[in-house]
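Take a look at this one; I'll ask things after.
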Amino acid sequence: MQIVLAVVLVAVGVYGALYAIQVAKAQAMYHTAKYGVAKENTEQILRLAAAAQSLYPHNYYFCIWAAEKAYYTSLVADKKDAQELLANSDRWCETGLALNHYKSQLRLLKTHLLEGKSVPDALKYWNQYVEWQFWEPYNHAVLAELYAKAGEFEKSLEELRWVKGSEHYAATGKRIAEAWKRDMTLTSPSRRPARPARR
């Protein structure tokens, strides 16, 4: 019995040591991707993220970094590369959300990814998050802008009320006004909405 117990303990110790080595390697890759020589190289970051994921699949911060880097690089890439980058961003975002469904960076990025396809879908998704994390003014700022992009200016201004007094208020109000002006130029005179009242 003692021999069996000793063998089990040795096996557990070996497994623990090997697992610790894997975690350390994955963490080193994250450090290189986030703070080291690879931090400006999106392609390398994505490779490192995939390698680290195979060693230790629980680091949602690496998922956030890979997803955000792919998304923001897509904004300045040509059409073909942008599509691939957006697909990578979506994949890493979903991987991160599976690990931590309420992480704000991941929920916001998912909203941006949805927005590129459907503003109403982005609105629905972000609205669910705001209901859960209601008292954060920035969340209402994002929602106000999404409503403005959807042409729902009354709802946009209602959301802006929850941003008042925060550092995000002036910038959000400006973007709503810009969206309204764009909407006015795209809408024929007979179909123009009433100018939103000042709050």
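Read the figures in this text as sums done on the coordinates, not as results from a lab. What you see is a predicted model; the values in this text were computed from it and never measured. So basically every Cβ, Gly included, is an ideal-geometry build from the backbone, and we count neighbours across all protein chains shown.
Taking the Cβ of each residue in Trp92, Trp135, Trp126 as the centre, tally the other Cβ atoms inside 10 Å and list the residues starting with the fewest. Spell out each step's value before the answer.
Numbers: Trp92 28, Trp135 8, Trp126 22.
Sorted ascending by nearby Cβ count, the order is Trp135, Trp126, Trp92.
With a 10 Å radius around each residue's Cβ, average the other Cβ atoms per peptide and rank 93-102, 176-185, highest first.
Going from most to least packed, we get 93-102, 176-185.
Once you have a ≥ b ≥ c as the square roots of the Cα gyration tensor eigenvalues for segment 48-98, tell me rounded if a/c is under 1.5, and otherwise prolate or oblate according to whether a/b is larger than b/c.
prolate
Whole-Hz Karplus ³J(HN,Hα) for segment 73-80, in order, using 6.51 cos²θ - 1.76 cosθ + 1.60 and θ = phi - 60°, x for Gly and Pro?
Computed from phi, the couplings for segment 73-80 are 5, 4, 5, 10, 9, 6, 4, 5 Hz.
Right, something else. Arrange the peptides 73-83, 151-161 so that the one whose residues have, on average, the most other Cβ atoms within 10 Å appears first.
By packing density, highest mean first, the sequence is 151-161, 73-83.
For segment 33-133, what does the alpha-carbon gyration tensor say about shape, rounded, prolate or oblate, given a ≥ b ≥ c as the root eigenvalues, a/c under 1.5 as rounded, and a/b over b/c as prolate?
oblate
Turning to a different aspect of this structure: With θ taken as phi - 60° and the coefficients 6.51, -1.76 and 1.60, list the Karplus ³J(HN,Hα) couplings across segment 59-68 in order, rounded to whole Hz; mark glycine and proline as x.
Karplus-based 3J(HN,Hα) across segment 59-68 equals 8, 6, 5, 5, 4, 4, 4, 5, 5, 5 Hz.
With labels modelled as points extended 7 Å from the Cα through the Cβ direction, what inter-label distance (nm, one decimal) is found for Asn100 paired with Gln83?
Each label point lies 7 Å from its Cα, and together they span 3.3 nm.
A further question on this structure: Under the 0.36 nm per residue contour assumption, what length would be gained going from the current alpha-carbon distance of Thr32 and Asn127 to full extension?
So the extension gain works out to 30.7 nm.
Okay, next question. Check cross-link reach from Lys149 to the aspartates and glutamates: straight Cα distance under 17 Å, and skip same-chain residues fewer than eight apart.
Excluding near neighbours in sequence, the set is Glu115, Asp121, Glu158, Glu159, Glu178, Asp183.
Right, next: Which order, highest average first, do 143-150, 24-31, 108-115 follow once you tally other Cβ atoms within 10 Å for each residue and take the mean per peptide?
Details: 143-150: 23.2, 24-31: 16.9, 108-115: 20.0.
Ranking the peptides 143-150, 24-31, 108-115 by packing returns 143-150, 108-115, 24-31.
Applying the Karplus parametrisation 6.51 cos²θ - 1.76 cosθ + 1.60 with θ = phi - 60° to the phi angles of segment 104-121, what ³J(HN,Hα) value in whole Hz is obtained for each residue in order, glycine and proline being reported as x?
Each residue's phi maps through the Karplus curve to give 4, 4, 6, 5, 5, 5, 4, 4, 4, 5, 5, 4, x, 9, 7, 4, x, 5 Hz.
Under 19 Å Cα-Cα from Lys25, which lysines qualify once same-chain neighbours fewer than 8 residues away are excluded?
Candidates past the 8-residue exclusion: Lys34, Lys39.
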